Amino acid sequence: MMPDGGPNVTACGKSAGTLLAAGPAGGTLGRARPPKGRLRMSAHEQLKERLIALIEDAYVMEVQIAGTLRRHIDQAATAPADIRRRLEQHVAETELQAKRMVQRLEAYGRDPSTLRATGGQVVGNLLGLLGALRPDTLSRNLRDDYVTEHLEIAAYTMLIAAARVAGDEETIKAAEASLREEVLMAEFLHKRLPEGLFFSLEQEGITIPAPMHAEAANGPRLHITFEPLKDVQDARAAHKKHH
């Protein structure tokens, strides 16, 4: 097979598969089949490449998100101190998450430095869409960060699933550690969204009575569970059931 995945075309314009299928007098011998061992190896290699691509995506995603978080911290100079501290803590976590992915890429012999300029457009496009034609405020930045955390949660959940199928225990450990951090950050942001909104409104000259602060703060909350391995096992069971 050629590098682009197309058929290996001979000088006479016939593919190698067509020539293998033809007998000496043009009769059909049946398409040649590679040994079963080679088929399994091919599937294994394809899975490995897909796993590496997911690791690359996670690395580029974290590099871009770290830069976004730094800008949000700079814009939160007058924000509540605990929110600013948590953002600063998560920048450090995000940098560690990128480092974990670098280590996994290096284990596969890949150079992550070539990925910075070519990937990560999903996060940028998403935040660009959310932030179009409006000024950055604490509430909007917290909202964008909350959306981004769920993108990361989805990315690591998929990475864990692929690594488990591929038998890559080290990538599973790295992705699980990062996923735990993303879930905790998403829960923190979810709880602080109302406060961020009230802070931004007051910055704009809109005063919110204190009783309304408490009422909004005690509103419904989304609890995110962290059971990645169980989720993967359930997904595999459902896949087998329907296939």
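Tabulated results
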read-out: Residue-count net charge about Arg50 - beta-carbon cut-off 12 Å; Lys, Arg +1, Asp, Glu -1; value: -4
read-out: Whole-Hz couplings from phi, Karplus 6.51/-1.76/1.60, listed for the range 188-198; x for Gly and Pro; value: 4, 4, 4, 5, 9, 4, x, 5, x, 5, 5
read-out: Volume per residue that the Cα convex hull of the range 171-216 spans, once the total is divided by residue count, Å³; value: 59 Å³
read-out: By average C-beta atoms within 10 angstrom, highest first, the peptides 57-68, 102-113; value: 57-68, 102-113
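Every number here is computed from the coordinates shown, using simple stated rules; none is lab data. Only a predicted model underlies this, so the values are computations on that prediction, with no experimental measurement involved. Note that we place each Cβ from the backbone using ideal geometry, even for glycine, and neighbour counts take in every protein chain shown.
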